[in-house]
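Readers should treat all values here as calculations from the given coordinates under stated rules, not as data from a laboratory. All figures in this text were calculated on a predicted structure; none of them were measured in a lab. All Cβ positions, glycine included, derive from the backbone under ideal geometry; neighbour counts span all protein chains shown.
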Amino acid sequence: MSQQNPYEKFLEGRDPLAVLTSTPGRIEQIVGSLGPEQANAERAPGKWSAREILCHLADCEMVFAFRLRQTLAEDHHVIQPFDQEKWAETYDAYSLKDALTTFRAARNWNLALLRFLPYEVHPKSVTHPERGAMTFYTIVETMAGHDLNHLGQFEAIARKFAPAR
């Protein structure tokens, strides 16, 4: 696992854009199988519920949107980290539906940008204060690996609540 992308292990050679494109539909399918109580149940003590994970993904998609655009717009951009646990303190304000709508809209916006850009921007440099020097495309790969990490959590929640056969 690279220091620049802590989610690299989840990609396993998959195309990041394909992952980013398929994630919203997969999440919608999984959370659509959960009832309201199931979507709000902690998957383990102290672990986020499906709704909270989706709130986190909506937040992250906005963060990634900013990071992508700042990297494109500025030379030698330094990414601003954030504390996901502090952001999560407000997740009771959001419904599962609102989180999914926000995530989908921001993801579609980001995908439109990523599909438009020429390959030549992929190696543009950017710095993360905690992870060091990286490229624009490392951000894209991080987004995809992050998706896969949380998809695994959604799948575990769905299995937990699946009817016994």
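Summary table
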quantity: Ranked list, fewest to most other Cβ atoms within 10 Å of each Cβ, for D59, D75; calculated: D75, D59
quantity: For E8, E42, E120, E52, order by how many other beta-carbon atoms lie within 10 Å, fewest first; calculated: E120, E42, E8, E52
quantity: Förster-model FRET efficiency, 25 Å R0, R159 and A88, C-beta, rounded to 0.05; calculated: 0.60
quantity: Proxy reagent accessibility, fewest Cβ within 10 Å first, across S49, S33; calculated: S33, S49
quantity: Using alpha-carbon coordinates, inclination of helix 16-32 to the longest axis of the chain, degrees; calculated: 20 degrees
quantity: Reciprocal of mean inverse Cα separation for region 82-126 (Kirkwood radius, Å); calculated: 13.2 Å
quantity: Size descriptor, Kirkwood hydrodynamic radius, that averages inverse alpha-carbon separations across the chain, Å; calculated: 16.6 Å
quantity: Zero-based 5 Å bins, Cα pair distances in region 1-99, whole percents; calculated: 2, 10, 17, 20, 21, 17, 9, 3, 1, 0
